[in-house]
1. Quick one: of the DSSP bridges fully inside the chain, what percent are antiparallel, nearest 5?
2. Based on the alpha-carbon gyration tensor of the stretch 134-179 and its eigenvalue square roots a ≥ b ≥ c, which shape applies: rounded if a/c is under 1.5, prolate if not and a/b is larger than b/c, or oblate?
3. In the structure displayed, which of Lys51/Lys159; Lys148/Lys311; Lys51/Lys320; Lys159/Lys311 lie more than 31 Å apart, Cα to Cα?
4. Run through the stretch 292-327 and list the trypsin sites (Lys or Arg not before Pro) located in a DSSP loop whose Cβ has at most 14 other Cβ atoms within 10 Å.
5. At a Cα cut-off below 16 Å, give the aspartates and glutamates reachable from Lys123, other chains included and same-chain residues fewer than 8 away excluded.
6. Rounded to the nearest 20 Debye, what is the dipole magnitude of the stretch 1-80 about its Cα centre when Lys and Arg each give +1 and Asp and Glu each give -1 at the C-beta?
7. Which one, Gln189, Gln25, Gln172, has the greatest fluctuation when you compute a Gaussian network model over the chain with C-alpha springs under 10 angstrom?
8. Taking 7 Å along the Cα-to-C-beta vector as the label spot, tell me the Glu121-Ser156 distance in nanometres, rounded to one decimal.
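Values in this text are rule-based calculations from the coordinates and carry no lab data. The structure presented is a predicted model; accordingly, all values stated were derived computationally and were not measured. In this analysis, Cβ positions are derived from the backbone assuming ideal geometry, glycine residues included, and neighbour counts consider all displayed protein chains.
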Amino acid sequence: MNKNIMEYETVELDDNDSSVVIIDQTKLPGTTEIISLHTAKEIWDAIYLLKVRGAPAIGVAAAFGIYVLSKAFVGETDFEKFYGKFREQKDYLNSARPTAVNLSWALNRMEALCLKAGREEGKPVKEVVELLHREAVAIKEEDTWVCKTIGEFGLSLVKPGDGILTHCNAGQLATSKYGTATAPIYLGQERGYHFRVFADETRPLLQGARLTAYELHASGVDVTLICDNMSAMVMKNGWVNAVFVGCDRVAANGDAANKIGTSVVAAVAKRYGVPFYVCAPTSTIDYDTPTGEQIEIEQRPAREVTEMWYKERMAPEGVKVFNPAFDVTDHDLITAIVTEYGIARAPFMESLLEIRRKKEKGNQNS
Ligand code: MRU
C-alpha cells in the first residue's frame, strides 16, 4: 500500500551512507521520490532547485549537509586545515539561496560549535566531527518542538470551525514536522476543531497547490484550493477568520519576507478586517537586519513564469519577466508574529526583543 506523504521525513541523515536524504519536492504531488545527496554540489543544487525548500527544512538540510561534508576531512590532524575546508564548504552551501535566514543560521551554528570545540578547547578533529553530528541532529529535533509550540500559540488565536487562509507551503514539507503556519491547523485537526482551510496555489512554483493542498488533504483537513487572485473574494465573503503564513526572514522592526504574494494577502486581509499572523521560529528572526528594505530578495529564472507547468510556452519569446521569489510584508499589516517563545504584537521592535529575552531565559510564557 502507498505510504501517506505525512509518514515521510522531509529531511533525514543517513550516517552510514554519508548522505542527506530528502523527498524531491519538485516531483510532488505526482511522484514521491526519495533522493540521497552526497556531494556539496548535490546539496547546493537540491536547495537551489527547491527539491528541499521552506526555511526550516533548508536549515536542517544544510546542517546535515555540512556534517556529511566534514566527515570527508575527519582524517585531517591539524584543526586549522580542517577548519579551512569546513569554511569553504560552508560558504558554498550558504550561497544557494539568499533570503531564508535559516540557511545561514544553521551553518553559523555549526561553525560556532566547530570553532569552540576545535580552536578554543583543542579537541581532536574526530571529536569535532562527532560534535557536528550531534549539533545537526539537535537542529532537526528542536525544529519539531519549535513548530509544535508555534502551533499551540497559534491555536489560541482561533476557534473551532474557523476559516483559515494560508499562502505557499509553510507546512510539514517545509519543516521537520507540523510546519509553522500549518501547525495550528494540524493541532486543531487532532482536537476536532474542524477548520475550513483555503490554500492559495502560489504562483509561479505552486507550492500551495502541489504541497500545502496535498499535505492537508492527505491529513484529512477540509482544504479548498484557490488561485492567488481569489483571496480577496473569499475574505470579502466572510469565509476567512484568520490568515496564517510562514516567513523566511523577519527584520528587527517586524517586516517579514515570505513567498511572493504574501504581502498582497496581508493588504487584502487588512481591507476586510481579517487578522494576519506570521508564524516565525526564532531562528527566522534576523535582529541584525533593521527593516525589510535590507532583506535580499532572491530572483528566479524567467522560465518559471513563462513555461514551467504548461504544455507549451504561455508568454511571447523574449518578453521581459520579473520573478522575485519573495516579498516583504510591512509590519503595519501584520496583526501578530507567532514564535515558539510567545506571540509578538506591535510595536514589534520591542516585542521581538522581549521574545529574544524569553528565549535566552528559556521562558516560554507569552
Ligand atoms: O521558495 P520556498 O518554497 O522555499 O518558499 C517557502 C516559503 O516562503 C515559506 O512560507 C517559508 O519558507 C516558511 S516555511 C515554514
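1. Counting only bridges with both partners in the chain, antiparallel ones make up about 50 percent.
2. Judged from the Cα gyration tensor, the stretch 134-179 comes out oblate (a/c at least 1.5, b/c at or above a/b).
3. Numbers: Lys51/Lys159 35 Å; Lys148/Lys311 40 Å; Lys51/Lys320 26 Å; Lys159/Lys311 42 Å.
Result: Lys51/Lys159; Lys148/Lys311; Lys159/Lys311 exceed 31 Å.
4. Numbers: sites: Arg303, Lys311, Arg313, Lys320; in loops: Lys311, Arg313, Lys320.
Answer by residue number: Lys311, Arg313, Lys320.
5. Partners found: Glu76, Asp78, Glu80, Glu111, Glu135.
6. 420
7. Its mean-square fluctuation being the largest, the pick is Gln189.
8. My value for the distance between the label points is 3.6 nm.
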